[in-house]
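Worksheet for the structure shown next.
The values are calculated or read from the model by the stated rules, or taken from the named source; none is laboratory data. Source: prediction; values computed, not measured. Counting neighbours? That spans all protein chains shown, and the Cβs are built from the backbone with ideal geometry, glycine included. What goes into the accessible areas is simple: the full protein's heavy atoms, side chains included, and nothing from ligands, DNA or RNA. Shrake-Rupley method; radii C 1.70, N 1.55, O 1.52, S 1.80 Å.
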Amino acid sequence: YEVIATDGNGCQGYADVYVEITEAGGSVSSNSPICAGETLQLMADGGVAYVWSGPPGFSSTIAAPSIDMASASASGTYSVTITTDSGCEQVLTANVVVNALPTAAITPAAATICGGTPTTLTASGGGTYSWSTGATGNSISVSPMETTTYTVSVTSLAGCTQTADATITVNNNAPYFAFTD
């Protein structure tokens, strides 16, 4: 830029100022969405200094902070102020989602039966179910001959998984008969 100044006597003076405009060019991202209990990874670049803030009271001064064992309360908007080597500042935001785990349950959680007697286990708490027997669906019929623990993996619509166990105790107090020739 050039400025020309004229005084009251008509004398002029000139001054030049060179202004360089640099683009901040920073970026921000995360590994969201994640499930509760996983590590939330935030990432920013394009600067020499970073100041993060977010829920619930999160703060950091590194480019790529992480939150181990993130809970659903870590969901929300994270902002980072990126300072470039020329001193320019840019504020960017990242929206983060931490999905809650499903509440996996099996009914009955424990039962006592005679060996080979069928019983039904019913799972709840999610969108899909996968049993340790290989069965899918929320209910299975089992007839164990010995005490057995069954596990179900319950997966929510958001893709988060939680497990539950049920132990079927087999009462083998029935008399035992052996036949000989």
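What the table below lists for this structure:
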read-out: Filter result for Ser59 (in a strand (DSSP E or B) and open to solvent by less than 40 Å² (accessible area, probe 1.4 Å)); value: no
read-out: From Ile62, Ile21, Ile82, Ile67, residue being aliphatic (A, V, I, L, M), out of contact with any strand residue (DSSP E or B) (no Cβ under 6 Å at 6 or more places or on another chain) and modelled with pLDDT of 95 or more; value: Ile62
read-out: Cβ pairs under 9 Å, 6+ apart, first in region 1-28 and part of a loop (DSSP other than H, G, I, E, B), second modelled with pLDDT under 75 and surrounded by fewer than 10 Cβ atoms within 10 Å (Cβ to Cβ); value: Tyr1/Asp16; Tyr1/Val17; Tyr1/Tyr18; Tyr1/Val19
read-out: Residue match in region 63-75 (condition: open to solvent by less than 50 Å² (accessible area, probe 1.4 Å) and over 30 Å from Ser156 (Cα atoms)); value: yes
read-out: Matching entry among Ala94, Ala111 (being under 30 Å from Asp45 (Cβ atoms) and in contact (Cβ under 8 Å) with a residue 24 or more places away in the chain); value: Ala94
read-out: Residue match in region 78-89 (condition: outside any strand (DSSP E or B) and free of Cβ contacts under 8 Å to residues at least 60 places away in the same chain); value: yes
read-out: For Ala70: the one exception among (1) touching a residue at least 12 places away in the same chain (Cβ under 8 Å); (2) not in a loop (DSSP other than H, G, I, E, B); value: (2)
read-out: Qualifying residue in region 32-49 (condition: open to solvent by 50 Å² or more (accessible area, probe 1.4 Å), outside any loop (DSSP other than H, G, I, E, B), free of Cβ contacts under 8 Å to residues at least 40 places away in the same chain and hydrophobic (A, V, I, L, M, F, W, C)); value: yes
read-out: Residue ID - farthest from Ser141 (Cα to Cα), chosen from residues in region 94-114 that are under 16 Å from the mean Cα position of the chain (by Cα), surrounded by 13 or more Cβ atoms within 10 Å (Cβ to Cβ) and not small (Gly, Ala, Ser); value: Val96
read-out: Leading residue by the ranking (least open to solvent (accessible area, probe 1.4 Å)) among those in region 124-139 that are out of contact with any Cys (no Cβ under 9 Å at 6 or more places or on another chain) and of a type outside the set (Ser, Thr, Tyr); value: Trp131
read-out: Selection within region 140-153 - in contact with a Gly (Cβ under 8 Å, 6 or more places away or on another chain) and either farther than 16 Å from Pro108 by Cα or open to solvent by 20 Å² or more (accessible area, probe 1.4 Å) (or both); value: Ser143, Met145, Glu146
